[in-house]
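Here's the structure, in structure tokens; my notes come after.
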Amino acid sequence: MKSNLIKCASALAVLSCLAPACSNSDSSSTTTAAAVTTTGVPTPDTGGSEPSTTAAPSNRDVFKPITGVPGVSDKEIGYAVIGTRSNNPLGTCILDCYLDGIKAYFAFRNSEGGIYGRQLVVNQEIDDELANNQARALDIVSNNKSFGSFNATLLSSGWGDLDSAGIPTYTWGIQPADSANRLHIFPSIATMCSGGCTSHLMPYAAKSAGAKHVAALGYGVTENSKTCVAGYKNSVTKFPEGGADIAYFNDNLAFGLPNGIGPEVTAMKAANVDFIATCMDLNAMKTLAQELHRQGMDNVTLYHPNTYNQKFVTDADPLFEGDFVSVGFLPFEADTAGTTLGEFLTWMEKAGKTPSELAMVGWINASIAFEGLLAAGPEFDRTKVTDATNALTADTAGGLLKPINWSTDHAPYTESTRPADKQGECVTLVRVTKGKFVTVAPPATPWMCWASGEWSDPEFKAFK
């Protein structure tokens, strides 16, 4: 169990660094806005359903008999879903919320008639119990009941087996090491920086908060956490134009802060820290915020990599007031026009489910699966869907992601090997205002993009 906890901590550290430090830009945006230097507090727009932004080819409704393809009958295309429910050290909703999003997307597409005369269904729901991901993946490989698989887990030990079996697999994108260079694995966030890369976003957030002295915190249990925190330090150092310095650095905290964080907060107070960026889970962020309050440091702004959870923030109010939270997809508070965000909100409501981060991840994964089927054509099989998906060069999952080029974005890079076209980034950021999330960029153009590795104000964009 000790090794599993270490691996889990590694996964959390990777999740923490994905959005703020490892995103790259793409030229496939459709809406731009002039850069500004102040944060906004827009009115959230969660309006009704918008028309689908996935252009269906003329053969979408063409039925072709298919034999010998696992999980495919004349009426259905079946998918397995593996996720963590039991023994989840975070205590958060993973598998069930992930299923909410997948099933909502399938219901949306099935209401349009499905695809190729077939309905999309989940035919296996599997709890990997945290430590049994590989065993459950091997079950899917051997029982051959499903065409493809979805995976939302903290320990992704079975992804290699699914990839080797040629099963199209769509995953929660917090495990870049286990999705890298595996062409059958399609994460919700493209495989990008493998650690330590610089980013504009955190220094920009610190500047927006008027911060002068930044602290960077992370767990010491894994190298992933250390490189995540190093990315923060490197970013502040690279961009002195942000107006802040690194006043406190600690990449050796105990996983989960079992002994609290009092001495570290005292040290940060002595260093006049006014902005803290971390590579920690949301429960640890609450522990940190409570200790800051106890020591009279309520004026310190926190930068959260993993707290996009409205109920969690509301229940803790006002601990996180004024804090920044990075988001790996189009925030719920953004405008819905031209994207499938409206459909997501509508179909979640029809199912009686609450929108959540993992539900959106499930929806995005299901969208990528559907787009691969569309591209493969009515006489599809696993290999054709994988190849067709990998030929997509600007996949936004219906405007919910910055464009992904699946022909190249399976390959990770480091700061020293970062390609010229990956020097920039496009990311989304929200801020807690009166207990609610609001987009930092205007809701109509919520993506904050930097075209190069040089310092500048962001360009605000929207993707279709």
Name the pairs whose Cβ atoms lie under 6 Å apart, with the first residue in region 338-366 and within 15 Å of Cys97 (Cβ to Cβ), the second in a helix (DSSP H, G or I) and hydroxyl-bearing (Ser, Thr, Tyr), and 6 or more positions between them or separate chains?
Leu358/Tyr98; Gly362/Tyr98; Trp363/Tyr105; Ala366/Tyr105
All but one of (1) exposed (fewer than 15 other Cβ atoms within 10 Å of the Cβ); (2) outside the structural domain of Gly322 (by TED's automatic domain parsing) hold for Glu454; which doesn't?
(2)
Being farther than 15 Å from Arg118 by Cβ and among the aliphatic types (A, V, I, L, M) is the filter; apply it to region 366-381 and report the residue that is surrounded by the most Cβ atoms within 10 Å (Cβ to Cβ).
Ile368
Only one of these conditions is not met by Asn234: (1) assigned to a helix (DSSP H, G or I); (2) surrounded by fewer than 18 Cβ atoms within 10 Å (Cβ to Cβ). Which number is it?
(2)
Residue among Val440, Val385 that is closer than 29 Å to Asp74 by Cα and either touching a Pro at 6+ places or on another chain (Cβ under 8 Å) or buried (at least 23 other Cβ atoms within 10 Å of the Cβ) (or both)
Val385
Out of region 394-432, which residues are in contact (Cβ under 8 Å) with a residue 24 or more places away in the chain and surrounded by fewer than 15 Cβ atoms within 10 Å (Cβ to Cβ)?
Ala411, Thr414, Asp421
When you check Leu95 against the structure, is it at pLDDT 85 or above, of a type in the set (A, V, I, L, M) and either surrounded by fewer than 17 Cβ atoms within 10 Å (Cβ to Cβ) or touching a Lys or Arg at 6+ places or on another chain (Cβ under 8 Å) (or both), yes or no?
yes
Filter result (part of a loop (DSSP other than H, G, I, E, B), at pLDDT 95 or above and touching a Ser or Thr at 6+ places or on another chain (Cβ under 7 Å)) within region 130-155
Leu130, Thr153
Working only within region 347-385, note down all residues that are outside any helix (DSSP H, G or I) and either small (Gly, Ala, Ser) or over 23 Å from the mean Cα position of the chain (by Cα) (or both).
Ala351, Gly352, Ser356, Gly377, Pro378, Glu379, Phe380, Asp381
Among strands (runs of 3 or more DSSP E) lying entirely in region 245-337, which contain 2 or more residues that are farther than 18 Å from Lys434 by Cβ?
245-253, 275-279, 324-327
Residue selected from region 305-319 under the condition out of contact with any Ser or Thr (no Cβ under 7 Å at 6 or more places or on another chain) and closer than 20 Å to Pro203 by Cα, by the criterion surrounded by the most Cβ atoms within 10 Å (Cβ to Cβ)
Thr307
Scanning region 177-231 for residues that are polar (S, T, N, Q) and part of a helix (DSSP H, G or I), which turns out farthest from the chain's Cα centre (by Cα)?
Ser208
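The values are calculated or read from the model by the stated rules, or taken from the named source; none is laboratory data. As the structure is a computational prediction, the values presented were derived from the model and not from experiment. Glycine gets a Cβ as well: all are built from the backbone with ideal geometry, and neighbour counts include every protein chain shown.
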